[in-house]
Amino acid sequence: MPVHMSQRRIDGRTHILIDAPDEVADRLKDAVSSIIALLDAAPDTSDSNTIPWTEAFPDRHPGHVLAGARYRENMTQKALSALVGCRPSHISEMEHGRRPIGKEMAKRLAAALNTTYKVFL
């Protein structure tokens, strides 16, 4: 069931032509309509009234993410420290913002907590 699509810009508008077999045309039309409805309902992120989350929540730090991820995995500080190779007090210090989380530690934490290391940086 090959479907071909082409796109052309005319006078500041994009025209999209979809060439599909009759048996999928109605489903395809419904799918495109749903996508357009989602795009229309999506919030406008170009609004100058928005601010970065770090400004909205200035007291938040990566330790909050660490504590949440540890809680989600139902893991104690002691168990996590054994997995990443540090003292339990270091986990506590990271969670309370008293110890920075470096890139290598973030990678070890991410592996133990089933997430990406970037959330801890």
Seminar exercise, completed: Filter segment 53-105 for residues that are touching a residue at least 40 places away in the same chain (Cβ under 8 Å) and part of a helix (DSSP H, G or I); the one that is surrounded by the most Cβ atoms within 10 Å (Cβ to Cβ) is 66
Exercise. When both residues are 6+ apart or on different chains and their Cβ atoms are under 8 Å apart, which pairs have a first residue that lies in segment 11-34 and is of a type in the set (Ser, Thr, Tyr), and a second that is assigned to a strand (DSSP E or B)?
Worked result: 14/7; 14/8
Exercise. In segment 1-25, what residues are surrounded by 10 or more Cβ atoms within 10 Å (Cβ to Cβ) and at pLDDT 75 or above?
Worked result: 15, 18, 19, 20, 21, 24, 25
Problem set entry | Whichever residue in segment 106-120 is part of a loop (DSSP other than H, G, I, E, B) and loosely packed, with under 14 Cβ neighbours inside 10 Å and, among such residues, is farthest from the chain's Cα centre (by Cα) | 114
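The values are calculated or read from the model by the stated rules, or taken from the named source; none is laboratory data. What you see is a predicted model; the values in this text were computed from it and never measured. Glycine gets a Cβ as well: all are built from the backbone with ideal geometry, and neighbour counts include every protein chain shown.
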